[in-house]
1. Could you tell me which residue of region 43-62 is nearest to Ile24 (Cα to Cα), considering only residues that are surrounded by 15 or more Cβ atoms within 10 Å (Cβ to Cβ) and hydrophobic (A, V, I, L, M, F, W, C)?
2. Restricting to region 25-42, name every residue that is surrounded by 20 or more Cβ atoms within 10 Å (Cβ to Cβ) and in contact with a Leu (Cβ under 8 Å, 6 or more places away or on another chain).
3. Any residue that is at positive phi and within 13 Å of the chain's Cα centre (by Cα) - is there at least one of those in region 35-44?
4. How many of the residues in region 105-120 are touching a strand residue (DSSP E or B) at 6+ places or on another chain (Cβ under 8 Å) and farther than 22 Å from Thr9 by Cα?
5. Could you check region 1-110 for strands (runs of 3 or more DSSP E) lying wholly inside it with 3 or more residues that are touching a Cys at 6+ places or on another chain (Cβ under 9 Å), over 15 Å from Leu124 (Cα atoms) and free of Cβ contacts under 8 Å to residues at least 12 places away in the same chain?
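Nothing in this text is a laboratory measurement; each read-out follows from the coordinates by a stated rule. Not measured: the values here are computed from a predicted model. Positions of Cβ are generated from backbone atoms using ideal geometry, with glycine treated the same way; all protein chains shown enter the neighbour counts.
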Amino acid sequence: MDPIADMITRIQNAGHAKKEVTIIPYSKVKFAIANLLLKEGYVTFVNRKGRKERKLLELGIAYEDGEPKVHGITRVSKLSRRTYAGFRDVGSVRQGRGDFILSTPQGIITGKEARRNKIGGEVLFKIW
């Protein structure tokens, strides 16, 4: 199974179930994505837990007026079909209420940062 798809599914399901925290298996890419989601306000905290063999990420789900800030997440680039975009191709999501998350040579960044820095990359998912 796709580890990034698993991560975004766990975040979305935790929000729909009104959970405060979700726990996902750790990887460097997931940690970078979680820190970006923290910076964008979709999660409230990111903690690494566990030892070398069984590291975990603990994410606090952000809510606004009792509703999760993450209304939807869709995986764009999949294992069977990778999707790449130049900075000109990265548009807005839901009339500017969401954003794309990209993997670039400069790390995991949002679509807004990609347009500002004129960088393209693999479109991991869109979030709103």
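1. Step by step, filter region 43-62, then rank; the result is Leu57.
2. If the condition is that a residue be surrounded by 20 or more Cβ atoms within 10 Å (Cβ to Cβ) and in contact with a Leu (Cβ under 8 Å, 6 or more places away or on another chain), then Lys30, Ile33, Ala34, Leu37 are the ones that fit.
3. Yes, that holds for at least one residue.
4. Our first condition is that a residue be touching a strand residue (DSSP E or B) at 6+ places or on another chain (Cβ under 8 Å); within region 105-120, this holds for 105, 108-112, 114, 117, 119-120.
Remaining after also requiring farther than 22 Å from Thr9 by Cα: 105, 112, 114, 117, 119-120.
Residues flagged as touching a strand residue (DSSP E or B) at 6+ places or on another chain (Cβ under 8 Å) and farther than 22 Å from Thr9 by Cα within region 105-120 amount to 6.
5. Details: elements: 21-25, 43-49, 56-61, 73-75, 99-104, 107-110.
It comes to none.
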